[in-house]
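The values are calculated or read from the model by the stated rules, or taken from the named source; none is laboratory data. Being a predicted model, the structure only gives us computed values, none of them experimental. Every residue, glycine as well, gets a Cβ built from its backbone with ideal geometry; the counts of neighbours run over all protein chains shown. Remember, those area values only see protein heavy atoms, side chains included, never the ligands or the DNA or RNA. Shrake-Rupley method; radii C 1.70, N 1.55, O 1.52, S 1.80 Å.
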Amino acid sequence: MSKIRCDHCHLEYDKSVLIQNNGKYFCCKGCQGIYHLLQNEGLDNFYNKMGENTIEPPKRLHDDIGKFDLDGFRQKYIKQKDGFSEVSLIIDGIHCSACVWLNEKVLQRSEGVVEVSINHTNNKAKILWDDDTIKLSQIIELIRSIGYNAYPYDASMQEVQANAKRRDYYSRLLVGIFTTMNIMWIAVAQYDGYFNGMRADIKTILNFAEFILATPALFYTGGVFFKGSYYALKNRYVNMDLLVVSGALSAYIFSIYSMLTGHGEVYFESVTMIITFVFAGKYLEVLTKKKAVDTMDGFSSSMPSEVTIVKDNEKAIVGVESVEIGNIIELRAGDKVVIDGVITSGEGSFDNSSLSGESEPLFLLCGNSVLSGSICVDSVIRYRVSKLYSESMLSKIITLLEDSMDKKPRIEKLANTVSGYFSTVIMILAIFTFIAWYMISGTFEQALIVSISVLVIACPCALGLATPVATLVGISKAAKKGVLFKEATFLETIAKCTTVVLDKTGTLTNGTPKVVDSYISEGFDRSILYSLVCLSTHPISKGVKEFLGSMELKDLEEIKVVEAKGIKAKFEGKDIFAGNRAFMVENGFTCKEFDEMNSVLHVGYEQKIVASFSLSDSLRSGAKKTIEYLKNSGLKVVMLTGDHENVAKTIADEVGIEEFQASLFPQDKAKYITDLREKGEVVVMVGDGINDTLALTHSEVAITLGSGTDVAVNVSDVVLINDDFSSLRTVFEISKSTFAKVKQNLTISILYNVITIPLAMAGFVIPLVAALSMSLSSLVVVGNSMRIK
C-alpha cells in the first residue's frame, strides 16, 4: 500500500489511516488542528522554512495546566519587569531554526505577549507578557497547540545536568581510550608485517580485530559528532562535527572495503584515533567550561531552599518562596542568609566573601542590615525580613550572572559568522584536494587519506571558542572579586574606553561629610534646623543631621526640593531656606564668607542667615592609586561635581585629576558626557547610583559603587558590590586582560588554520597527526583563556 506524508509533520503513513480534509492528509487530529491554525494566522510560511524536515506530531498532555497560574509557581519562576511578567522556559521539541521561527511568530501574535526571545542552542525562551491580558497557562497551551511542550527553566538543575553530561562524556572517553590502546598493539603488528611480510589469513584476522575495536569507538564515542552532523545536514549547514564524521566515516568505509576485498590497506587505527583524540579535546573543553562557571554555580548551588521562621515563640521550617516581609527568621552558626532583612535580636560575625570578596568577617549588631549570600559565623541571630526572596540581593546577583552571557560581544558575533562559513570552505577544499590528488597520484586510497587529513585538521571549534570561553572566565573572575557585569558586551567596551568620568560625592569620596565648622544664630531653635535637613537625603543634609543629633520634629509645610541647590519650606507661615550659596543669593540672602574651601550649607529664615555649616568629606581608600593606574593606562580622567569650584579643586588636586567641572546640575553632567561621545570618545561613567542616574544613562558603560544597594544594581551596567573604589581598577584590568586573550585566541586559531590546512592539502600530514593537532588547537585556546584566572 502506498505511503503518504502528513501535511503537517511530514511523517509517512499508509493512506488508509490518514484523515483527509480538503485534499490534505493528516496523521491525527492534532496535526490537522495545527495546520488549520497556521493557515488562519497567516503562518503557513512555516512549511517553506521547514523544507523536507519532519517533526513529531503533537502529544496530548493530561497534567494540570492550571499549575502555571498558582501563587507558588509564580513566586518561584515569574519575575516582574516594567509592569509586565517575565518567565524563562525550556521549549521541548525544537529541532531547527524553523521551529524557533514558528514558536516566536505564534507567541508574538498573541494579544498580551510583549516580547519573545528563543535561544536555539539551548531551547531557552524568555517571554514577557501582560498578566491582565493573557495568563501563563494560556501561553503554555498555545505552545502545546502547535506541537511543542514547555516547562520552567530551573537554574538549580544546571549543575545536575552538567554532571550528567560529564559522566556520559567520561564513559564515552573510556571506551575510546580502551579501543585506541588495544588497536595500536594490532597496528604495530600490521606495520611490522607490511615491511617484513605477513600471511594473508593472519592479516585478515588482524583487520577484523581492528574492525571490532574501531566500531564502538566510531559510533559510541563519536556518537556526539554524529548527532551534531545530523542536525547540521537537517538544517543545511556545515559544522565541525560534520567535518570529523566525514573524515572518520570515509576512512571506516574504505577500511571495510579493503578488509573484504583484500585491496589496499585498512585505516581502522586512524578512525579510532581521530575520534578519540578529538573527543578527548571535547571532554576537556566540557571540564574547563564547568570550571569557568564554578563561581556562578557557587552562588546558587549551595543556597538553602528552606528557612526557620519564628512566630509566637514557635519555630517552623518553610520554603523561601513562602516567606513574607515582616517575618522573623532565625539563623544559627553556619547558616547562610537567603533573604535580606534587619537584625532584631542577637549580634555576631557574618562572612560576606561570596558577595564582596572580603575574607574578614563583618560584625553586625541589632538594627544592622543583613544581605542574602552572607553566612552567620558564630551566633544565634534573629532578623526581620525586609524583602521577598525574589527581590533579595543574592537572587538579583544570580539573575544578573545568568543573563550576563545572553548578549555576545561584537567580536564574538564576527567570529561566529566567520566560523559558520569556515566549515563549508573546508568541505569544498577537501573535495578539491581529493580530486587533485586522484588526478596526480592516480590512486583512490592516497587521495582519500589526504582529503581526510584536510577535513580533520581544520578547526572551526578553536575559532568559535576564542571569545565565549575568555568572556566566561573574565566574568567569573570579576564576580569572585565582587564585580558584577550585567552583560559580557561591557568587557569589550571597557577595554576600548578612552575617557573615565567620575562623580565626586559618594564616588571619589566616602559620601559621608562631617561638620568641621558651624555657626548657629543665638536663640534660634535647633529643632527647626533638624526638621528641615531631615527632609533631604543629600549627604550634606545627612551630615548636618548627624551633627545636630536627634531632636523633636517640627511641622513644616509647602516643602519643595530644588535639585542640586537646596530645599525650602514654611514654618509657622514664614519661609525657611537651606542650600548652597548660589541658592541663598537667588532668594535674596546675603551670605558672608564661611570656609569656602569646604562644602557649605546655609540656612535662611526671616530674610537673614541663621545658620551655616562647613562640611568636609574624606577620600575613599585607594582612590589616589586607582586614578594613577587609570592615567598610566592612557585614559583621560575627568571629575564632574555639583559642588563649588574650591571644593572640587581640593579633591581633584588630592587625587591627581587635572580636568574637572564644578557646579553642575545633573542635566549638565549628561550633556558633558554626550559632547564627549560626539567627539568620538568611548566614555565610562562611575557614580554612586543615587544622584547620577541621568549622567550614567548617557555613557557607554555605567559603573556604580554601593554595597549591593537596589539603586546601584538597577541603574548600572557594572556593579562594585564591595563598595571599594579600588575595584574600579579590577574592572579595567579584567576587561583589558579578557579582550587581550580574545584577540590572542583569534590570532592563534587563524594562524593554526592558515599554516596547517595547506600542509594537509600538500600531503605532509597523516590523519592521526591531524586529529591530534585539531584537539590541541582547541585546548590551547581554552588554556589561554584560563590564564585570566
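So here's what we get for this one:
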read-out	value
Residue selected from the stretch 484-543 under the condition assigned to a strand (DSSP E or B) and aromatic (F, W, Y), by the criterion surrounded by the most Cβ atoms within 10 Å (Cβ to Cβ)	F485
Residue list for the stretch 69-81, filter: touching a residue at least 12 places away in the same chain (Cβ under 8 Å) and part of a loop (DSSP other than H, G, I, E, B)	I78
Filter pass, I750 being part of a loop (DSSP other than H, G, I, E, B), surrounded by fewer than 24 Cβ atoms within 10 Å (Cβ to Cβ) and at pLDDT below 90	no
Output for the stretch 758-772, where each listed residue is open to solvent by 30 Å² or more (accessible area, probe 1.4 Å) and either at negative phi or in contact with a strand residue (DSSP E or B) (Cβ under 6 Å, 6 or more places away or on another chain) (or both)	P758, L759, M761, A762, F764, I766, L768, V769, L772
Residue match in the stretch 621-635 (condition: under 29 Å from Y530 (Cβ atoms) and of a type in the set (A, V, I, L, M))	no
Complete set of residues in the stretch 553-570 that are surrounded by fewer than 18 Cβ atoms within 10 Å (Cβ to Cβ) and within 21 Å of R526 (Cα to Cα)	L553, K554, D555, E557, E558, I559, K560, V561, K570
Where a residue in the stretch 494-514 is at pLDDT below 90 and its partner, wherever it lies, is part of a strand (DSSP E or B) and among the β-branched types (V, I, T), with Cβ under 7 Å and at least six apart	D503/V686; T507/V686
L640 vs. criteria closer than 18 Å to P539 by Cα and either of a type in the set (D, E) or in contact with a helix residue (DSSP H, G or I) (Cβ under 9 Å, 6 or more places away or on another chain) (or both)	yes
Any strands (runs of 3 or more DSSP E) falling wholly within the stretch 555-648 and containing at least 2 residues that are touching a residue at least 40 places away in the same chain (Cβ under 8 Å)	574-579, 599-605, 608-616, 636-640
Flag for P409 being open to solvent by 10 Å² or more (accessible area, probe 1.4 Å), at pLDDT below 75 and of a type outside the set (A, V, I, L, M, F, W, C)	no
Positions within the stretch 499-528 being among the aliphatic types (A, V, I, L, M) and more than 20 Å from K542 (Cα to Cα), in sequence order	V500, V501, L502
Failed criterion for S536 (all others in (1) farther than 30 Å from M786 by Cα; (2) of a type in the set (S, T, Y); (3) touching a residue at least 60 places away in the same chain (Cβ under 8 Å) hold)	(3)
Filter pass, K49 being touching a helix residue (DSSP H, G or I) at 6+ places or on another chain (Cβ under 6 Å), open to solvent by 40 Å² or more (accessible area, probe 1.4 Å) and either modelled with pLDDT of 65 or more or not aromatic (F, W, Y) (or both)	yes
Selected residue (only one of G298, G334 is within 19 Å of V380 (Cα to Cα) and modelled with pLDDT under 85)	G334
Number of positions in the stretch 666-695 that are part of a loop (DSSP other than H, G, I, E, B) and among the hydrophobic types (A, V, I, L, M, F, W, C)	2
Among (1) open to solvent by less than 10 Å² (accessible area, probe 1.4 Å); (2) within 17 Å of T509 (Cβ to Cβ); (3) modelled with pLDDT of 80 or more - the single one V718 does not satisfy	(2)
Of residues in the stretch 306-334 being open to solvent by 80 Å² or more (accessible area, probe 1.4 Å) and part of a loop (DSSP other than H, G, I, E, B), the one nearest to C366 (Cα to Cα)	R332
Where I657 falls short, out of the listed (1) open to solvent by less than 20 Å² (accessible area, probe 1.4 Å); (2) over 28 Å from T693 (Cα atoms); (3) part of a loop (DSSP other than H, G, I, E, B)	(2)
Residue in the stretch 583-624 that is nearest to T507 (Cα to Cα), counting only those that are of a type in the set (A, V, I, L, M) and open to solvent by 60 Å² or more (accessible area, probe 1.4 Å)	M597
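Results for (1) closer than 30 Å to I452 by Cα; (2) touching a strand residue (DSSP E or B) at 6+ places or on another chain (Cβ under 6 Å); (3) open to solvent by less than 30 Å² (accessible area, probe 1.4 Å), shown as yes or no for each residue.
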{"residue": "S726", "(1), (2), (3)": "no, no, no"}
{"residue": "F732", "(1), (2), (3)": "no, no, yes"}
{"residue": "K736", "(1), (2), (3)": "no, no, no"}
{"residue": "Q744", "(1), (2), (3)": "yes, no, no"}
{"residue": "T756", "(1), (2), (3)": "yes, no, yes"}
{"residue": "V781", "(1), (2), (3)": "yes, no, yes"}
{"residue": "S785", "(1), (2), (3)": "yes, no, yes"}
